[in-house]
1. Which shape class, rounded, prolate or oblate, goes with the chain when its Cα gyration tensor gives a ≥ b ≥ c as root eigenvalues, a/c under 1.5 marks rounded, and past that a/b bigger than b/c marks prolate?
2. Sort out for me the Cα centre separation of region 154-173 from region 24-51, rounded to whole Å.
3. Hey, what number do you get for the chain at 222 nm if only DSSP H runs of n ≥ 4 count, each worth -39500 (n - 2.57), divided across all residues, to the nearest 500?
4. Please compute the per residue accessible area over region 3-138 with all protein chains in place, 1.4 Å probe, rounded to a whole number of Å².
5. Under 28 Å between alpha carbons: how many lysine pairs meet that in the chain, if sequence neighbours fewer than 8 apart on the same chain are excluded?
6. Ignoring ligands, DNA and RNA, please state the percent of accessible area on region 28-141 from carbon and sulfur, probe 1.4 Å.
Amino acid sequence: MAILPIIEIPDPRLRTISTPVETFDDALQRLIDDMFETMYDAPGIGLAAIQVGVAKRLLVIDLQEEEEGVKNPRVFINPEFSEPSEDENVYQEGCLSIPDQYADVVRPRSIRAKWLDRDGAAHDERIDGLLATALQHEVDHLDGIVFTDHLSRMKRDMLLKKLEKMRRQKHAA
Ligand code: NI
């Protein structure tokens, strides 16, 4: 396994529309393992393939909600949503491609999701709670969307300014 470099905004690759996974080969299994290692190392609770520069509709999530240190790795390949709830949920989101910045994002509280797992088996479930938020955040990445796109212009500009300032300070240190 290997820790892969995570690309950050404003890298234009984050605006790519990723294409479906068609082959469930060894290279895909390796990529999934590397994505988990990269996400745990960061650390984060979700990572889309485009964040490591691979434009495939693949993402990994581990909310690690249970006990600290207990892993619950989930793989979503070619995910699709339908039937979003009218009921919404606000969650303070962050993103490994937008380091150390957080903001409240409003999304449907639950969605019906269809996806394939790492063996290519099909799943179809209604998902809610933090998993619904995380999954919608990661699926956005597959369509070239980042969480700051959901913010008002004023909030987005403030957040991007803070990010720039943080990068400048890091650079100067
Ligand atoms: Ni993200």
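1. Since a/c reaches 1.5 but b/c is at least a/b, the shape of the chain is classed as oblate.
2. Here the answer is 27 Å between Cα centres.
3. After summing the helix terms and dividing by the residues of the chain, the value is -9500 deg cm²/dmol.
4. 52 Å²
5. 7
6. Reported share for carbon and sulfur atoms: 43 percent.
The values are calculated or read from the model by the stated rules, or taken from the named source; none is laboratory data. Keep in mind that this is a model prediction, so the values were computed, not measured. Remember, those area values only see protein heavy atoms, side chains included, never the ligands or the DNA or RNA. Shrake-Rupley method; radii C 1.70, N 1.55, O 1.52, S 1.80 Å.
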